[in-house]
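*Asks:* Below is one structure. I have some questions about it.
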Amino acid sequence: MPPHKSQPRRIMIIGPSGSGKTWLATRLGQSLGLPVIHIDKFYFHPGWVQRDRAETAALATLAADAPDWVLEGNNSASMDHRAERADLIIYLDLGRVRRLARCLWRSARWHGRTRPDMAQGCPERFDHAFLFDWVWNYASHSEPRMQDFLSRWQGRRPILRLGSARAVRRLARDPASALAGIETRSAPR
């Protein structure tokens, strides 16, 4: 279908941990009147018991089949399905020092309590492996796959790359205006 200008109704937000996916998704959902879906809720059962990977991917895929959403989180097994359904893909690409600082702050702020974007019964904690193996080393373990994904979808869906906290805040401040000029493709409903 030919591109057209309209407000996106299905927005996929991806990027490394601590880049602001949850924050941006919440603001876009509120401003645009779209339901917000957090993939982190699909990863665990209470007590930080990890779900089977196939089950997590199935839950993310099912969520993407809804008619309207802001869906934030990575889950590589469901990314292509979500992209196929998306009107817009937003990739947050902030530096690792900022991301690590944000994750540390988030862990301190929510310590012992379950964040609204996390599975019930999974209270926030300081997890050294997550902070330093996952967040700090994102460029070596996940960035190449993320760039491959973005390359595959370039030209098939509009991709908005935001590389600074300022750019993310600017989009959150007035998403209707910021997104009004983006040419979207009619994705399957």
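Since every read-out is calculated from the coordinates, none of them should be taken as a lab result. Quick caveat: nothing in here was measured; it's all calculated off a predicted structure. Here the Cβ is made from the backbone with ideal geometry for all residues, glycine too, and neighbour counts use every protein chain on show.
*Asks:* Rank by packing, highest mean first: peptides 158-171, 12-25, with packing defined as the count of other Cβ atoms within 10 Å averaged across residues.
*Replies:* On the way: 158-171: 16.1, 12-25: 24.3.
Highest mean packing first, the order is 12-25, 158-171.
*Asks:* Taking only DSSP H segments of four or more residues, each worth -39500 (n - 2.57), what value at 222 nm results for the chain once the sum is divided by all its residues, to the nearest 500 deg cm²/dmol? Don't skip to the answer; put the middle values down first.
*Replies:* Values: 9 runs with 80 residues, N = 189.
Only helices count here, giving -12000 deg cm²/dmol.
*Asks:* Once both labels are modelled 7 Å past Cα along the beta-carbon direction, what's the residue 111-residue 166 spacing in nm?
*Replies:* 3.3 nm
*Asks:* Same structure again: Between 0 and 90 degrees, rounded to the nearest ten: what's the tilt of helix 21-32 against the longest Cα principal axis of the chain?
*Replies:* Helix 21-32 sits roughly 40 degrees off the main axis of the chain.
*Asks:* Next question, about the same structure. Which of the peptides 91-101, 121-131 is most tightly packed, and how do the rest follow, going by the mean number of other Cβ atoms within 10 Å of each residue? All intermediate terms of the calculation are to be shown ahead of the outcome.
*Replies:* Values: 91-101: 17.4, 121-131: 13.0.
The densest-packed peptide leads the list: 91-101, 121-131.
*Asks:* Ok, one more. Using a Förster distance of 30 Å, how high is the FRET efficiency between residue 76 and residue 49, based on the Cβ-Cβ distance and rounded to 0.05?
*Replies:* 0.90
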